[in-house]
Amino acid sequence: MTTGKGKPAVKRAIEAAKPATPSVPQTPPEPANFTPPQYLRDRFAFRDTGLWKKGDDDGKGGLWLAAPFTILAETRSSDGAGWGLLIAWRDRDGVKHEEVFPRSMFIGECGELRQRLADGGLSLNGSAPARQAFAEFLNIASTPMRAWSVSRVGWHEFEGRRVFVLGPRTFGQVGGRVVLQSPDGEPSPFQSGGTLAGWRETVSRLCNGNSRLLFAASMAFAAPLLGLIGEDGGGFNYRGSSRIGKTTALRVAVSALGGSPSEGASGAIRQWRATGNALEAVALGHSDCLIGLDEMAQVDPREAGELSYMLANGSGKSRAGRTGLARPTARWRVLFLSTGEISLADINAEAGRATKAGQEVRLVDLSGDAGAGMGLFEDIHNELSAGDFADLLKHNTRHQYGTALPAFLEALTARLGASPGDFIDQLRDRVAALVCAWLEAFPGAGGQVRSVARRFAIVAVAGEMASEWLITEWQKGAASGAAQACFRSWLTERGTTGAREDQQAVTQLRAFILQHGESRFVEWKERTPNDASQVDESDSQPLQQKFRTMQAAGWRRWEALDGGLMGWRYYPNVRRVCRGHEGPASARCFQAPRGAWVHHPPTN
């Protein structure tokens, strides 16, 4: 082998060290509508093998940067912020990819951007000069093509028209393309498998005769209605013992909206075992959609109440930026279905915290046992057992998922486009009519019960709309009947149609009296004139000094009660006995009749 010396040898070594040009040309993405402006053509060139940075002399040779790709459009939000590039390319198998990259990712050497492109199958030159040149190109690249960008899924308004963004798909018509610009690049949970006809036959049909399954599936269609009629978010929790079908109902619910090729509908289920920040990101990624949350028992008891408030209220934590100014607060509107063996009240009790009425209204606890002796199910459709029926649904949702909600959104946005105001008014009227019908037998129902009834009614209306639009295999009235059955079950377990705070106060008072009735209540005695002759010197001191009650919480008096029975009547100090329930409503509850609480002793 002959070796050279001096400058020629150095030049040959430098040429040999340059990265090799890809030997297999890749199919350029389509459509190739990106024509670089002149200042880019002077420095960069698109060739069959991809993007090149031109050499310094005749423009031939140069430095190869990336495999073929094209810039479809520059993106921006409706307020002129959040600019980015919509880039398209094909991987080594010829599969087309499209993704929006915020321009904020182009700062520096574009490490995260390059990682996402490489993960999508685009070949890149990894040398330092190539990385710098690629970042330089992206920072100065431009195109006259434009597209609207949004940072979250759900409803958005452009030019006075509503559109619904569901991952890579957009429903509704506006002047221009609308794309989802996500900074993290997480795989979409709204992928689909199978066909709408397959989901209708193998999943929705099996929900017939099962109130909990029908109600769960209807939730997927109800979530997009919340924003249209101006309702807040909220959730339902299927509570019950293990292996009764709760997770199966969750699979059925999320199978309407999405999943993943590897797990089917289960790929769209999230876990309660997550930090508050993680659940905040999940909520933002499911805005105006249903979130399926499994195993409530895994949540940190110290955070359970706050997380339920956060998800339902649709607002994340306020955080400060690097400059000390407040960062934009994440906002969303979601409907979520939870499952667990215990309720939110049980989890709060583990942490030694009381469950607020607002938490119970936002996360409605519903028994997963339908009362038919088959756990959550009432009709197993000729299967041998409830377990076999659950296995059938699990198998079917593994292959049929993510087709029902897009069909529902197609029909929904089509009706909004014609006369949105009239259609939304009709929605509100249908919901109000159901609430009035359900509460007709409870004229004294309080605001909390009416609020929960309204959420049940929204789910019912959504299920009926899906039936009317032939998205499901349900008969007319099936969805509303299932929602009413679930509402009655919740109301029965709640035990009252009044304010929950009053019931909690009564329960707390009863527990206090049973535990401390003889030690914390001063006995109320009244002496008669006949007792004066029997008083000796040792009994001449005041009663409260002779027999002292430590940490007294009120008085008790043995007297004739209603019906002629003798019993103790308690006169509690509300602030001491029922801390946390000292409001006027609770005080009225304790002060009737005559400001006392009656306790009948055991008859035996």
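FYI, it's all coordinate maths here, none of it is from the lab. Since this is a predicted model, take the numbers as computed values, not measurements. Here the Cβ positions follow ideal geometry from the backbone for every residue, glycine too, while neighbour counts run over all protein chains shown.
For segment 234-393, the Kirkwood estimate of the hydrodynamic radius, built from every pair of different alpha carbons, is 16.7 Å. Restricting segment 327-374 to trypsin sites (Lys or Arg not before Pro) that sit in a DSSP loop and have at most 16 other Cβ atoms within 10 Å of their own Cβ leaves 353. Karplus-derived 3J(HN,Hα) values for segment 145-152, using 6.51 cos²θ - 1.76 cosθ + 1.60 with θ = phi - 60°, are 6, 10, 8, 6, 10, 10, 9, 8 Hz; glycine and proline are entered as x. Grouping the Cα pair distances of segment 283-323 into 5 Å bins from zero gives a pair-distance distribution of 5, 17, 24, 23, 17, 9, 4, 1 percent in increasing distance order.
For the peptides 140-146, 465-471, 290-296, residues were scored by their other Cβ atoms within 10 Å and the scores averaged per peptide; the highest-first order is 290-296, 465-471, 140-146. For segment 166-320, the Cβ-based charge dipole about the Cα centre amounts to some 360 debye (Lys, Arg positive; Asp, Glu negative; other atoms uncharged).
In sequence order, segment 138-144 has phi-based couplings of 5, 5, 10, 5, 8, 7, x Hz under the Karplus curve 6.51 cos²θ - 1.76 cosθ + 1.60, θ = phi - 60°, and Gly or Pro positions carry x. Taking amide H as placed 1.01 Å from N in the peptide plane, residue 210 has no amide H partner under 5 Å among residues 5 or more places away or on another chain. At full extension, residue 319 and residue 525 could sit 68.2 nm farther apart than now, given 0.36 nm per residue minus the alpha carbon distance. Pairs exceeding 29 Å between alpha-carbon atoms, taken from 356/394; 246/476; 54/96; 317/356: 356/394. For segment 196-268, applying the loop criterion from DSSP together with a ceiling of 14 other beta carbons within 10 Å to the trypsin sites (Lys or Arg not before Pro) yields 243. Taking amide hydrogens as placed 1.01 Å from N in the peptide plane, the amide H of residue 149 sits under 5 Å from those of 76, 77, 78, 179, each at least 5 positions away in sequence or on another chain. Taking other C-beta atoms within 10 Å as the exposure proxy, 401, 238, 571 rank 571, 238, 401 from fewest upward. Close amide-amide hydrogen proximity is noted between residue 300 and 274, each under 5 Å apart and 5 or more residues distant or on a separate chain (H modeled in the peptide plane; Pro and chain starts excluded). Seen through its C-alpha gyration tensor, with square-root eigenvalues sorted a ≥ b ≥ c, segment 367-520 comes out oblate because a/c lies at 1.5 or above while a/b is not bigger than b/c. Equivalent-ellipsoid semi-axes for segment 88-195 (Cα gyration tensor, √(5λ), whole Å, largest first): 28, 18, 12. Under the combined filter of DSSP loop state and at most 14 neighbouring Cβ atoms within 10 Å, segment 87-196 retains these GluC sites (Glu not before Pro): 109, 159. Given in Å, the Rg to one decimal and the Dmax to the nearest whole number for the Cα atoms of segment 332-434 are 19.6, 53. Neighbour counting of Cβ atoms within 10 Å sorts the residues 334, 574, fewest neighbours leading, into 574, 334.
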